[in-house]
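Peer 1: I have a structure here, written as structure tokens, and I will follow up with some questions on it.
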Amino acid sequence: MDTRAFDPAMIVAVIPDLLRFLDVTLLVAITSIVLGSLGGIALAWMKLSKKRVLFAIAEAYIYIMRCTPSIVLLFIVFYGLPELLFSFFGFNANTVHRAVFAILTFTLLFSAYISEVFRAAYLAVPKGQYEAAVSIGLSPWQAVFRVVLPQAAVIALPNFGNATINLMKEGALAYTIGLIDLIGQGSLIIAQNFGAYGIETYTACMLIYWILTLLIEQAFARLERRLDKGQSFAVRDAAKKPGFLPNWMKGGEAHGA
Amino acid sequence: MLMQIRGVRKSFGDHEVLRDVNMELDRGDVITILGPSGSGKTTFLRCLNFLEQADGGTMELAGDKINLASASKKEIASVRKKTAFVFQNYNLFANKTALENVTLGLTAGRGMDKAKAEEIGRKALEKVGLLERAGYYPAQLSGGQQQRVGIARAVAAAPDVILFDEPTSALDPELVGEVLAVMKQLAEEGVTMIVVTHEMKFARDVATHVIFMADGVVVEEGSSEEIFTRPKEERTKRFLKRVLPEDYEEGALFI
Amino acid sequence: MELDYEFMQKTFFEVWQGAGVTLSLTALSLLIATAPAFYLAVLRLRGSTASRSIARLYVSFVRGTPIILQILLLYSLLPSILNVLVKAAGLDFNIFESVSPFWYAVVVFSLNTTALLAEVFRSALLAIPKGQLEAGLSIGLSELTTYVRVIIPQALVVALPNICNVTVNLIKGTSLAFLMTVKDVMAIGKVSASYGYNYIEAYVDVFVVYLVLCSIVQVLYRFAELRLGAFRGNDWN
């Protein structure tokens, strides 16, 4: 390896080139978050249900996802799924865009993470809110949709934000299956320079991700302030009582996701 | 007879909380239920609104007879529309303003149009003296104010009977008075109420009928004067001795 | 489709050989990260404005960027830096040949874990009521003694579930060490997979090994929680 000096100007120089592929990164992340949230709602509903089979299936799925490295799941989906599809359905998945495999993987992961956030938020709304709603004549469905869920959504928001940021970072793995996103483009730039400017290019990628994270954090903080309408006072008061919120929610950081 | 309740039973696991509780009331009655904690009085009240499902018992309300243990969803909905509940810890909807708390049951529950509901809501808030706080969220109100909104929410539905579950026990002592004053005013207007409470003075001054419960059964019942001045049962006497001022003598409250 | 069970069985034991590397990478990174993480947590809670900002910046940067980029960057950067240092010291020592990539991985994951643990420690310390410190001072203990004897033991129990999360995530995270040519579970699986094009079989093996490792770790933490959390009484039956 040569002892070429570190060139800070190069960091700035590659940023426009990298940003051209930011849309791929964001598309994969946002699609996975939307689809994963739908899956997460289903899983949370299963875990709250009184049917043992549904509960067990959701519990097992969430546990397995929690123990699976994202890269392993990505490789199973990318390398294994086409084989399965071909042998069972004669479907040739080789023409399917790589982004689809990435989205499928991250949807599977995100639905498991986020279902726990949804479930905890639902349980964090005091039971009296539901009771008060039905006592004034709302049907059980109305009580859930008009009273409990809007409050649960506000409670879930900070952890949803954390999970979103984590998913965006996990999305960086997609370049390992050859998807040309931000980092994929970074690797191409390095290859074009015959391995030089690796440090500068990676630093540029990191800066972009860091800024993206800070922007998402800001956006969620603002959204939270707009939505909470004084509700968080009540939640915060209630949260002082032990056992009201699960431990990992009190810190305000979702380390699990 | 507005309401007739027969043979209410309820167990939590092995623990029998209610054993054959009966009660009847007429329009305009104010019934207070007294009793030591753990006597089952709150559970009884919650069974009447199906917040707990009783194991047995029937309720006849304004002509409809309903089995408390096996009521259909439709029957439950109809009872809830004819009754209202005021909770110990208020349970105001945390994400809705005082006015929205009062109107939600009218618009979403009964399909009333919004303008009409707001008109009724404002009247109800005015009745509890909180019209100027209509736009406040629960977290911005004191406990006493929250409970008054809770009462307004119940009143707005114009129910046949309002169920009060220890409405003042979560309040700081200096805030109890404002809530009791509102309840007394309602009683004077002829609102039918069942009140589970520890407020002896309220029971004495306002109740038309007092029920004393212990260990899941009604030990004794009668007019407030009967219960407070001439309790017949030993358990009632012991309870009154304990909860009333130290210098309690039978009848002292009526001097 | 026929799965090649014979291959799967054979590969499973090969992949299992990598568990030692995965676990030692995890354990070393955790051990190395603990002290600086605690220091960062205390800095963020009671440091000067400047040190608070530095601590926050570090945590924000590490948590705000993908671990895969941290790996790629440090794996390009560390050898060169070491090389310069060795040359400057006048040593005749070839960095590129004699330092195992395992150690670069240890550095990367330690730096990463430091930031994550700092957040865990911080929220755990915040969860201990201020009255505990005041009570300690009131009976004449020094602040340090109160921390060591009263606050940290309580905070540790509060933090354990989150430390467990960090550990499980770290085990999973080390699967990216193959990018630095470390021969861990994932790397062995990847070689087997591409060798015979038995992708599903090999990666399912890898998946099972991680499932086992993560499960064992979670059981151990659960056990620790039961032991250390005895003072909480009613929480555990």
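Peer 1: Charges only on Cβ, +1 for Lys and Arg, -1 for Asp and Glu: so what's the dipole of the stretch B:1-121 about the Cα centre, in debye to the nearest 20?
Peer 2: 240 debye
Peer 1: Please report, largest first and rounded to whole Å, the three semi-axes of the ellipsoid equivalent to the stretch A:11-250, where each semi-axis is the square root of five times an eigenvalue of the C-alpha gyration tensor. Before the final figure, lay out each step's value.
Peer 2: Working: eigenvalues 295, 119, 36 Å².
So the three semi-axes of the stretch A:11-250 are 38, 24, 13 Å.
Peer 1: Would you tally the net charge around B:VAL79, using a Cβ to Cβ cut-off of less than 13 Å, leaving B:VAL79 out, and scoring K and R as +1, D and E as -1?
Peer 2: Its environment carries a net charge of +3.
Peer 1: Follow-up question, since we're still on this one. Using the Kirkwood radius built from alpha carbon pairs, what does the Stokes-Einstein equation give as D for the protein assembly as shown at 10 °C and 1.306 mPa s, in µm² per second? Numbers along the way, then the final one.
Peer 2: Details: Rh = 30.3 Å.
Once the numbers are plugged in, D ends up at 52 µm²/s.
Peer 1: Taking the Cα centre of the stretch B:74-166 as origin, sum charge times position over the Cβ atoms of Lys and Arg (+1) and Asp and Glu (-1), and report the length of that vector in debye to the nearest 20.
Peer 2: 200 debye
Peer 1: Sequence gap at least 6, Cα distance under 8 Å: using those rules, report the relative contact order of chain A to the nearest whole percent.
Peer 2: Relative contact order for chain A comes out at 28 percent.
Peer 1: I want the local charge near A:LEU27. Using Cβ-Cβ distances under 14 Å, sum +1 for each Lys or Arg and -1 for each Asp or Glu among the other residues.
Peer 2: 0
Peer 1: Then there's this: With every protein chain left in place and a probe of 1.4 Å, what is the accessible surface of B:GLU233, to the nearest 10 Å²?
Peer 2: It works out to around 80 Å².
Peer 1: Nothing charged except the Cβ atoms of Lys and Arg (+1) and of Asp and Glu (-1): what's the magnitude of the dipole of chain A about its Cα centre? Round to the nearest 20 debye. Don't skip to the end; give the middle numbers.
Peer 2: On the way: 20 positive and 16 negative charges, 256 e Å.
The calculation lands at about 1220 debye.
Peer 1: Another question, then. Name the residue farthest towards the positive end of the dipole of the stretch B:1-154 from the options B:LEU141, B:MET59, B:PHE12, assuming +1 on Cβ of Lys and Arg, -1 on Cβ of Asp and Glu, about the Cα centre.
Peer 2: B:LEU141
Peer 1: Before I look further, what does the stretch A:98-161 give for accessible area per residue, probe 1.4 Å, in whole square angstrom? Don't jump to the answer; show the numbers that get you there.
Peer 2: Numbers: 2100 Å² over 64 residues.
Per residue, the stretch A:98-161 has an accessible area of 33 Å².
Peer 1: With every protein chain left in place, what is the accessible area of A:LEU104 in Å² (1.4 Å probe, nearest 10)?
Peer 2: So the heavy atoms of A:LEU104 present about 70 Å² to solvent.
Peer 1: Still on this structure: If you take the charge dipole of the protein assembly as shown about its Cα centre, with +1 on Lys and Arg Cβ and -1 on Asp and Glu Cβ, which of A:LEU108, A:VAL12, B:PHE85 is farthest toward its positive end?
Peer 2: About the Cα centre, the residue reaching furthest to the positive side is A:VAL12.
Peer 1: Once the dipole of the protein assembly as shown is set up with Lys and Arg at +1 and Asp and Glu at -1 on Cβ about the Cα centre, which of B:MET200, C:ALA27, B:PRO231 lies farthest towards its positive end?
Peer 2: Working it through, the farthest residue towards the positive pole turns out to be B:MET200.
Peer 1: Further question on the same structure: Using a 1.4 angstrom probe and counting only protein chains, how large is the accessible area of C:VAL148 in Å², to 10?
Peer 2: Taking all protein chains as shown, C:VAL148 has close to 80 Å².
Peer 1: Right, here's the next one. First check a/c for chain B, with a ≥ b ≥ c the square roots of the eigenvalues of its C-alpha gyration tensor; if it is under 1.5, answer rounded, and if not, answer prolate when a/b is larger than b/c or oblate otherwise.
Peer 2: Note, shape of chain B comes out oblate.
The values are calculated or read from the model by the stated rules, or taken from the named source; none is laboratory data. Nothing here was measured: the structure is a model prediction, and the numbers come from that model. Because the Cβ atoms are built from the backbone with ideal geometry, glycine has one as well, and the counts that use them run over all protein chains shown. The area values use the complete protein model at the heavy-atom level, side chains included, leaving out ligands, DNA and RNA. Shrake-Rupley method; radii C 1.70, N 1.55, O 1.52, S 1.80 Å.
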